[in-house]
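See below for the structure under consideration.
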Amino acid sequence: MRHLLDPTDLSIEEIDLLMNRALDIIARPEAYSESCHGKKLATLFYEPSTRTRLSFTAAMMELGGQVLGFSDARSSSVSKGETVADTVRVVSCFADIIAMRHYKEGAPRVAADYSRIPIINAGDGGHSHPTQTLTDLLTIRRELGHFDHLTIGLCGDLKYGRTVHSLIKAMNRYEGTRFVLISPKELRLPDYMKQELKDNYVEVSTLEEAMPMVDVLYMTRVQQERFADLQEYERLKDTFILDEAKMALGRKQMIVLHPLPRVNEITVGVDNDPRAAYFRQVENGKFVRMALIYTLLKWKEEGVVSAANKDIQVYEDGGQRCSNDRCITATEPVQQQVYRDKDGVLRCRYCDHAI
Ligand code: CP
C-alpha cells in the first residue's frame, strides 16, 4: 500500500502525474466532485496548522468525501498516553485515508507501519512536509512552466525548516537545479541535507547577494517552536527581511514563495508585487491535495506499488540507537530500524539522522 511520508516516496513520473491531475482538477472541477463519495479522510493534527489541515479538509469536501479527526491532540486519548501506533490502528477502523501532522520526527512512518489505510505526512517536526512540497511544485509549474535548470534561493531557518528539507529533496532530482542558501550561521542547513546537494549550492550571507541569482526565492520563518532557548530565537528571528528595496534587485521573471505563516520576514509592501506568489501558492495546496487523496485511494484500490527510488536496505535493530531527541523513537516504544543510504551512511529509518 502506498503512503506519502517523504517527497522521495514519489518518482519523478508520479510527481508529473499528480501535477497533471491537479491541473485537470483546476480545469474540470465538476469531473471530480463526487470522485470520493462515501470515503472518509481522518486529519490527526498533533501540532497547530491553518493551511494544511483546512486545505486537506476543503480538498476532501470538494471530492465529495467526508472528514473526521482532531486538531488538538489534548482532546483525544493521546492525552491519556495512547501511542501513535495504537491511535492509527484505531482510526484505520473508521476512515479510508489519514493525514497526520506530528511534532516528533518520523511519527508518520510509525503510523504507516501500523496502518491499514494510506498515511499522508502533513509535517513531522523539522523533518519533512511532502504535501507542502507538492504545493510548491504545482506553484512553480503554474508560474514558471518547468522544473529544470532553476536556481532556488532558500532563506531563513534552514536548520529546522521541514518545508525546505522536503523541497530540496524534490528539486534536487531535476536537471540543472542550483540552490542558494541564505541563513544565519546558527540556522544553516544540516550536514546530512548538504550531502544530498553535492556541489549544487552556494551559501551567501545577504539577501542582496542572492536576489539577482534566483528564479525562485523561498522565504521561511524562523521556527520559534523548535528553539529550546527563546532568547536565541529573539536574536535570530529578524535576520532576513524581504522588502520592496530588495525585490528591486530581483529578476523580472522570478517568483517569491513562502509556505506561510509569515511573521516579519516579508513586509506587506511586497504582497502587491506580481512576483509575490505566496497566496496563489496557498490555493494550489488545495488542488494538489485533491489530486493526492484521489490518487492514493485509487492506487490502494488498484494495488499500485512504489515506483520511487527504494534501493535503500532496511535492517532490523542491530543495537544502534537514534540520538536525535526530536525523533519519535525517543518517546514511542517502536522497534529501532536503521538503513544505509546511497553513500553508505547508517541512518535512522524514522527521522533520517545519521546514527
Ligand atoms: N504551510 C503550512 O504547513 O502551514 P500550516 O502550518 O498553517 O499548516
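The values are calculated or read from the model by the stated rules, or taken from the named source; none is laboratory data. Please read these numbers as outputs of a predicted model, since none were measured by experiment. Because the Cβ atoms are built from the backbone with ideal geometry, glycine has one as well, and the counts that use them run over all protein chains shown. The accessibility values were calculated without ligands, DNA or RNA, using every heavy atom of the protein model including side chains. Shrake-Rupley method; radii C 1.70, N 1.55, O 1.52, S 1.80 Å.
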Problem set entry | Glu34 being open to solvent by 30 Å² or more (accessible area, probe 1.4 Å) and without any contact (Cβ under 8 Å) to a residue 60 or more places away in the chain | yes
Seminar exercise, completed: Those residues of the range 53-92 that are farther than 25 Å from Gly106 by Cβ and more than 24 Å from the chain's Cα centre (by Cα) come to a total of 1
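Of the residues that sit in the range 174-190 and are assigned to a helix (DSSP H, G or I) and touching a residue at least 12 places away in the same chain (Cβ under 8 Å), which one is farthest from the chain's Cα centre (by Cα)? Before you say what the answer is, go through the steps one by one.
Keep residues of the range 174-190 that are assigned to a helix (DSSP H, G or I), which gives 185-187.
From what's left, touching a residue at least 12 places away in the same chain (Cβ under 8 Å): 186-187.
Working: Glu186: 22, Leu187: 18 Å.
Going through the qualifying residues, I end up with Glu186.
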Exercise. Of all helices (runs of 4 or more DSSP H) completely enclosed by the range 202-270, which ones contain at least 3 residues that are modelled with pLDDT of 95 or more and in contact with a strand residue (DSSP E or B) (Cβ under 9 Å, 6 or more places away or on another chain)?
Worked result: 207-210
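Yes/no matrix, rows are residues, columns are (1) exposed (fewer than 15 other Cβ atoms within 10 Å of the Cβ); (2) on the phi > 0 side of the Ramachandran plot; (3) away from the ligand (no atom under 16 Å from the Cβ):
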| site | (1), (2), (3) |
| --- | --- |
| Pro212 | yes, no, yes |
| Gln223 | no, no, no |
| Phe227 | no, no, yes |
| Gln231 | yes, no, yes |
| Thr239 | no, no, yes |
| Ala248 | yes, no, yes |
| Lys252 | yes, no, yes |
| Asp271 | yes, no, yes |
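Quick grid of which residues meet (1) surrounded by 24 or more Cβ atoms within 10 Å (Cβ to Cβ); (2) at pLDDT 95 or above; (3) under 17 Å from Ile293 (Cβ atoms):
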site: Leu44; (1), (2), (3): yes, yes, yes
site: Ser92; (1), (2), (3): no, yes, yes
site: Arg101; (1), (2), (3): yes, yes, yes
site: Ser115; (1), (2), (3): no, yes, yes
site: Gly126; (1), (2), (3): no, no, no
site: His129; (1), (2), (3): yes, yes, yes
For this session: Determine which member of the set Leu4, Leu63 is open to solvent by less than 20 Å² (accessible area, probe 1.4 Å) and either in contact with a His (Cβ under 6 Å, 6 or more places away or on another chain) or under 15 Å from Ile120 (Cα atoms) (or both).
Result: Leu4
For this session: Only one of these is at negative phi, buried (at least 24 other Cβ atoms within 10 Å of the Cβ) and outside the structural domain of Ile25 (by TED's automatic domain parsing): Asp148, Asp157. Name it.
Result: Asp157
Exercise. Looking at Leu41, is it in contact with an Asp or Glu (Cβ under 8 Å, 6 or more places away or on another chain), closer than 26 Å to Gly125 by Cα and assigned to a strand (DSSP E or B)?
Worked result: yes
Exercise. Do we find that Ser55 is within 14 Å of the ligand (Cβ to nearest atom), open to solvent by 10 Å² or more (accessible area, probe 1.4 Å) and outside the structural domain of Cys351 (by TED's automatic domain parsing) in this structure?
Worked result: yes
Exercise. Looking at Arg74, is it at pLDDT 95 or above, more than 16 Å from the ligand (Cβ to nearest atom) and farther than 27 Å from Pro29 by Cα?
Worked result: no
Exercise. For the range 73-173, which helices (runs of 4 or more DSSP H) that fit wholly inside it have 2 or more residues that are among the hydroxyl-bearing types (Ser, Thr, Tyr)?
Worked result: 130-144, 162-171
Exercise. Taking Pro48 and the conditions (1) away from the ligand (no atom under 16 Å from the Cβ); (2) in a loop (DSSP other than H, G, I, E, B), which numbered condition does it fall short on, given that it satisfies the others?
Worked result: (1)
